[in-house]
Structure formats: structure tokens, C-alpha cells
Amino acid sequence: MPRPTPPAASVTVYENGPLLIRGDYALRTALGGPIDPGRDTVALCRCGKSSLKPFCDGTHKMAGFVAGATPDPGPDPGGPGPASPHPDSGADEG
Ligand code: FES
């Protein structure tokens, strides 16, 4: 049985902090334009307070951003599940 191929990149969700992307990835705008992260590992803001969006600048700490590192089950764990990707995200395209 062949070994599963490891993913080219990983995204780590930090509790009360950013998303850290490591590996071989391409960062792009919603229109497909390239964004140069300037480094191999990059932290993306998920608190909305960074002045360097889409990158984290550490402001989440002063802003008191609180979010878990695992999916939030929401008020009804038996409900419909996580939200669908944004229709313009291309996440459902092969
Ligand atoms: S997650 Fe760090 S500034 Fe938003």
C-alpha cells in the first residue's frame, strides 16, 4: 500500500492568534494576483485588527482577540455544520 503523500503546506490555527502557514504555498488575492509573503512561514491575521492585513502584526494580543484553536461547534452541535466557502473563493473548484 503506498504511503500517503504529505501535504505541501500546513496551516496551524493558534489559540487567540493567527493562522500560521508553513511549506510550499502560494498566497493570492481574491482575483488571483500574487501576494509576496517575503518569507517561507507566514502568519495570517484572523482577528481583523492587523494594520498589515492579510498578515498578523501582533495586534491580536492588545485587542484581546479570543478564539479557539479547534473548530467551534456552535450553539447546535447537531446542526448543519461549518459554513460553506464563500462563493467567490474558488474553494470548491477542482
Ligand atoms: S491575528 Fe494577529 S493581528 Fe490579527
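The values are calculated or read from the model by the stated rules, or taken from the named source; none is laboratory data. These numbers were taken from a predicted model, which means no experiment stands behind them. Here Cβ is always computed from backbone atoms with ideal geometry, including for glycine, and neighbour counts include all displayed protein chains.
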**Item:** Residues that are more than 11 Å from the ligand (Cβ to nearest atom) and more than 15 Å from the chain's Cα centre (by Cα), drawn from segment 38-65
**Value:** Gly38, Arg39, Asp40, Gly64
**Scope segment 16-58; condition touching a residue at least 12 places away in the same chain (Cβ under 8 Å), exposed (fewer than 10 other Cβ atoms within 10 Å of the Cβ) and among the charged types (D, E, K, R); matching residues** = Asp24
**Message:** Out of Ser51, Ser10, I need the residue that is in contact with a helix residue (DSSP H, G or I) (Cβ under 9 Å, 6 or more places away or on another chain) and of a type outside the set (D, E, K, R). Which one?
**Reply:** Ser51
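Check segment 20-27 and report whether any residue there is over 14 Å from the mean Cα position of the chain (by Cα), over 27 Å from Val66 (Cα atoms) and assigned to a loop (DSSP other than H, G, I, E, B). Quick ask: steps written out before the conclusion?
We begin by selecting, within segment 20-27, every residue over 14 Å from the mean Cα position of the chain (by Cα); these are 24.
Adding the requirement that they be over 27 Å from Val66 (Cα atoms) leaves 24.
Checking the rest, the ones that are also assigned to a loop (DSSP other than H, G, I, E, B) come to 24.
Yes - at least one qualifying residue is present in segment 20-27.
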**Meets criteria (within 16 Å of the ligand (Cβ to nearest atom), at pLDDT below 95 and in a loop (DSSP other than H, G, I, E, B)) for Arg3** = no
**Message:** Checking Glu15 against (1) more than 15 Å from the chain's Cα centre (by Cα); (2) among the acidic types (Asp, Glu); (3) closer than 18 Å to Ala67 by Cβ, only one condition comes out false. Which one?
**Reply:** (1)
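Just to be sure before I move on: is Pro75 under 13 Å from the mean Cα position of the chain (by Cα) and at pLDDT below 95 in the structure I sent? Steps first, please.
Details: under 13 Å from the mean Cα position of the chain (by Cα): no; at pLDDT below 95: yes.
For Pro75, the condition - under 13 Å from the mean Cα position of the chain (by Cα) and at pLDDT below 95 - is not met.
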**Request:** Search segment 14-34 for residues being touching a strand residue (DSSP E or B) at 6+ places or on another chain (Cβ under 6 Å) and among the aliphatic types (A, V, I, L, M), and hand back the single one that is nearest to the ligand (Cβ to nearest atom).
**Result:** Leu19
